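Heads up, the thing below is written out as structure tokens.
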Amino acid sequence: NEAAPELEIEIINPKPRYQYSVTVESTGLYTGTATMLSQEKGKLIYYWRPSFAATYEIYVHELERNRYGAHVKTPLIQPSPLSITISPDQNNATAEGIESLKERALSMIPCQSVTNANIFSRFDGDWIGPDVHLEADTLRTGWTFVPSKAMNCRFETFSQKDLLSLPEKKSIHVIGTSKERGVFLALADLLLSDSEKFHIPKSVVGQCWGRVNITKGNLELVYQDFRVAQFEARDSEDYVECHNDLIAKDGGKFIDNATSVWHEVFREESSWPSVILMLSGKGENNWDFEYHTRSFVETLPPSWNGTLVFTDAYFSPRLAGLSANNVNEKYRSKLEEYLETMDDKRVRWIDGKGISKEMRMYAEFGPEFVTRSQHFHHFCNESIIDDNKGTINNLRVCGNVTDMMAQLLLGFAVGEKKNYVEKVQQAEGEPTDTKLTYCFDCPKKLLPFHITSNPQLTCAKGPLREREIADDEDAKTEKTCPQSCMSQGISWSFGSQSETVNVRHCPVSTIPTADITAEASEAFVTKIVPEESMELPKLIQSNLVDVTGEGQTSFTPFFWHVPKCAGTAIQNLYYCMGLTIANQVGANPKFGHNEETALVKFKPWKRYDWSVINVDTTTKEGILRAQKLGLASSKDPKVDLIVSMEFDFAVSHLFDKANRGRVFAMFRHPVERLESLFYYLQKANWESTYHPEWAKTSLSDWAKTHKGEKNWMVHKLVNKPVTSLTMDDLELAKKIVREKIVVGLEDRFVESIHRFNVYSGIDDSSKERQSCIANVARVPPKGDKKVTNSDPHPKTKRGTDLWKLLAKDSLDVLLYEYVEEIYEQQGDMIGMTKTNESS
């Protein structure tokens, strides 16, 4: 076909429940895959374009849909393999030619230097075998990937010597599942010596589903398990997730854990990564671009000059681009749309279908299991002689696709090879310490999955060692699934490297108090760490002013809003006093400022002279947007008060060392708070947490199944799931309160407000502002402590069985008792005298 120089391959009478893989090979010279052009009744049409004259074999494998694994073979259909010879004369009309291919491979610019963000979103090219002897950069196996003319760039390769000659520290992070871990292992296999990596297949590095760091010379490699398929929808209820009989997640959300990990990556500027390879989640059923991917990009520090490379679920030989060309084209266009939406020149997105459709017969399980392998890589023990370079490459991790991805990440980390070589030559010498150090925090088994920020790493030096096989004793270190969750139905199942996994999703509200894991129950009686010896989390320490700190400048007041603790009254008070507030109001779409790309101060209601900023600091998504817009550091418009229930998340993302927060919070006895919440949310249909079904149950029955609300304050302060809180967490919460929060008591409302004002530098002495306090607190001449937004409901008497039930196992009750002590101490500590409630 001269108009479209390509070979058409037809499959006649394809089976209805089957797919077909069409591979074209020339031994030692080439491997490629034909693309489905159309699917007509009774036949499938594929096309393939040769690159140079040779004799090729065409292999057509028959693939039964939805069957995977090492036991599911994919037979060749007859009469394949078929042989076809492209002669030199034909080559002139139908192919580029091998000499032209060599010339192009040498003349293209390095791919890491291309500024077009879409360069990898239309991934296409040729895999050229070792027998062609391209002079361009080749992988250790001798294979070379030559990108298409449309990509017009080349993949540079770096040797172990290159990596050990790094004149400055570089760090590459791989964040994903076992598929992306193959890229991490390829990097490790390249960096480590033969003796250091000999045991890599059975080492903690090769079998970790948590966190692994490898450091040698000036190069750090980091792998973090990152299960995007388990990320929740935006408004999903907190739940416990069990994998078989083990807890995978103690309440909370995987997406919150992942966000914490992401924030940890960028916590210290001195340790920022040079490159990140990250799984995006596209291709998973519940994936949400804005929530699961774009939100991470929007929190990238503006001054970070690294590269973020996304992959997706299609980066796998299991999927391998089997869909038709028009489907692939829609997918690629969507990737370009995502990149345009994110509008960040540091971000790239690998076309998973394009990169994965080749090398099908070289994946983990080999040519008899085409598209049945989950991974491109596999552990091996191969020695490959490179005649051109006179070297022997000993591989313990094999996989051309993962090797190519590893080289691409190295290119992004160190830049163009010629410039890198010049830097090495100009450096004073090689790094003095080239000993291997590796640190890890890994579950004993594949399950449950671990996404943990700031893990407690165990470190070792020297060659990798075989890890101990998990036995029954090791398994005891993992938390078992609560019986009440095990009795619920299986939500879904999936296959893993070790076993079939039955997943149960159990809302926290369905886990009775008495059904906490044994480990969690024992935590209430185990020896606790003294509060004095604890250290505050780094960002809480650095981003918040101490209660005892001198001076009242260079900070922003932050009201931590505990639900049903006069939060609405306090916000109305500061509106009345003329403060510009950041809460949820400013981002309400009805006011028209929620999509502004800059901070805007405006008055949302005509009847009130109240001002807000166009952000939402009450949700994590909104906090990330406020961070991006520079809320705390902004001078014009300037925010006078930030309000949020998300204590840890807001402190970590809105404030920094240069723009610190000064926190105050109103507290109420947790039993009274729970009681109020129970009755309020039965009828508050304007709230996102509206629960009309609670009206059909009694307070006592509700208290037996809703443990999560009992420990809400400690949960928010220490940023841990409610079902895994311990007495140590209570002690940490106490330390945070004592050192970083000026506390108020709802039953001493006016006095508490005065303390907040003194601490935050708010002058409340004017007649107008005193009137605001009196109106909001509803204080008549003889003193009435009622506040606005109160909700009439039955009151539980102290000491009754119901009161005891509501207070049972409540860390919040213990924290509140401590808050009462702190309240008495803080009056003198920060120079605030007590005031009469009627003043």
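Structure data summary
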| read-out | value |
| --- | --- |
| Single unsatisfied condition, residue 258 versus (1) assigned to a loop (DSSP other than H, G, I, E, B); (2) closer than 28 Å to residue 340 by Cβ | (1) |
| Qualifying residue in region 36-56 (condition: without any contact (Cβ under 8 Å) to a residue 24 or more places away in the chain and loosely packed, with under 14 Cβ neighbours inside 10 Å) | yes |
| Residues (within 17 Å of residue 627 (Cα to Cα) and of a type outside the set (S, T, N, Q)) located in region 270-307 | 290, 291, 294, 296, 297, 298, 300, 301, 302, 304 |
| Search result, residues across region 209-225 that are of a type in the set (A, V, I, L, M, F, W, C) and farther than 14 Å from residue 183 by Cα | 209, 219 |
| Residue that is farthest from the chain's Cα centre (by Cα), among those in region 57-76 that are in a strand (DSSP E or B) and either within 24 Å of residue 8 (Cβ to Cβ) or of a type in the set (Lys, Arg) (or both) | 57 |
| Scope region 369-395; condition open to solvent by less than 40 Å² (accessible area, probe 1.4 Å) and at pLDDT 85 or above; matching residues | 369, 370, 371, 372, 373, 375, 376, 377, 380, 395 |
| Scan of region 573-589 for residues that are assigned to a loop (DSSP other than H, G, I, E, B), within 13 Å of residue 642 (Cβ to Cβ) and either open to solvent by less than 20 Å² (accessible area, probe 1.4 Å) or of a type in the set (Gly, Ala, Ser) (or both), ordered by number | 579, 583 |
| Residue match in region 768-781 (condition: over 25 Å from residue 643 (Cβ atoms) and at pLDDT 65 or above) | no |
| So residue 609, is it without any contact (Cβ under 8 Å) to a residue 40 or more places away in the chain and either open to solvent by 40 Å² or more (accessible area, probe 1.4 Å) or more than 17 Å from residue 294 (Cβ to Cβ) (or both) | yes |
| Near pairs, Cβ below 7 angstrom, 6+ apart or cross-chain, from region 764-777 (farther than 15 Å from residue 572 by Cβ and part of a helix (DSSP H, G or I)) to any residue that is at pLDDT 90 or above and open to solvent by less than 40 Å² (accessible area, probe 1.4 Å) | none |
| Residue among 261, 222 that alone is at pLDDT 85 or above and within 24 Å of residue 192 (Cβ to Cβ) | 222 |
| All positions within region 634-646 that are assigned to a loop (DSSP other than H, G, I, E, B) and under 26 Å from the mean Cα position of the chain (by Cα) | 645, 646 |
| Restricting region 320-334 to residues that are under 16 Å from residue 349 (Cβ atoms) and either outside any loop (DSSP other than H, G, I, E, B) or in contact with a Leu (Cβ under 8 Å, 6 or more places away or on another chain) (or both), the residue that is most open to solvent (accessible area, probe 1.4 Å) | 330 |
| Hey, residue 248 buried (at least 21 other Cβ atoms within 10 Å of the Cβ) and either small (Gly, Ala, Ser) or more than 26 Å from residue 315 (Cα to Cα) (or both) or not | yes |
| Cross-chain or 6+ apart pairs with Cβ under 9 Å, region 333-346 first and closer than 17 Å to residue 114 by Cβ, then among the hydroxyl-bearing types (Ser, Thr, Tyr) and at pLDDT 95 or above | 346/307 |
| Residues satisfying the stated conditions in region 732-747, i.e. within 21 Å of residue 669 (Cβ to Cβ) and modelled with pLDDT of 90 or more | 733, 734, 736, 737, 738, 741, 742, 743, 744, 745 |
| Inter-residue pairs, beta-carbon under 9 Å, first among the polar types (S, T, N, Q) and in region 453-466, second open to solvent by 60 Å² or more (accessible area, probe 1.4 Å) and at pLDDT below 90, 6+ apart | 453/719; 454/267; 454/538 |
| Set 241, 284, 290: member being open to solvent by 20 Å² or more (accessible area, probe 1.4 Å) and either assigned to a helix (DSSP H, G or I) or touching a residue at least 60 places away in the same chain (Cβ under 8 Å) (or both) | 290 |
| Some residue of region 207-216 being in contact with a Leu (Cβ under 7 Å, 6 or more places away or on another chain), in contact (Cβ under 8 Å) with a residue 12 or more places away in the chain, assigned to a loop (DSSP other than H, G, I, E, B) and not aliphatic (A, V, I, L, M) | yes |
| Where a residue in region 5-21 is free of Cβ contacts under 8 Å to residues at least 40 places away in the same chain and its partner, wherever it lies, is among the hydrophobic types (A, V, I, L, M, F, W, C) and open to solvent by less than 60 Å² (accessible area, probe 1.4 Å), with Cβ under 8 Å and at least six apart | 8/45; 10/44; 10/45; 14/44 |
| Flag if residue 270 is among the polar types (S, T, N, Q), surrounded by fewer than 24 Cβ atoms within 10 Å (Cβ to Cβ), in a loop (DSSP other than H, G, I, E, B) and at pLDDT below 90 | no |
| Pairs, first in a strand (DSSP E or B) in region 590-606, second surrounded by 11 or more Cβ atoms within 10 Å (Cβ to Cβ), C-beta under 6 Å, six or more apart | 601/580; 601/611; 601/613; 601/637 |
| Some residue of region 33-52 being in a strand (DSSP E or B), at pLDDT below 90 and of a type in the set (Gly, Ala, Ser) | yes |
| Any hit, region 126-139, residues being over 25 Å from residue 29 (Cβ atoms) and either open to solvent by less than 20 Å² (accessible area, probe 1.4 Å) or charged (D, E, K, R) (or both) | no |
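The values are calculated or read from the model by the stated rules, or taken from the named source; none is laboratory data. All figures in this text were calculated on a predicted structure; none of them were measured in a lab. Quick reminder, even Gly has a Cβ in these numbers, built from the backbone with ideal geometry, and neighbours come from all protein chains shown. Surface areas here come from the heavy atoms of the whole protein model, side chains and all, with no ligands, DNA or RNA. Shrake-Rupley method; radii C 1.70, N 1.55, O 1.52, S 1.80 Å.
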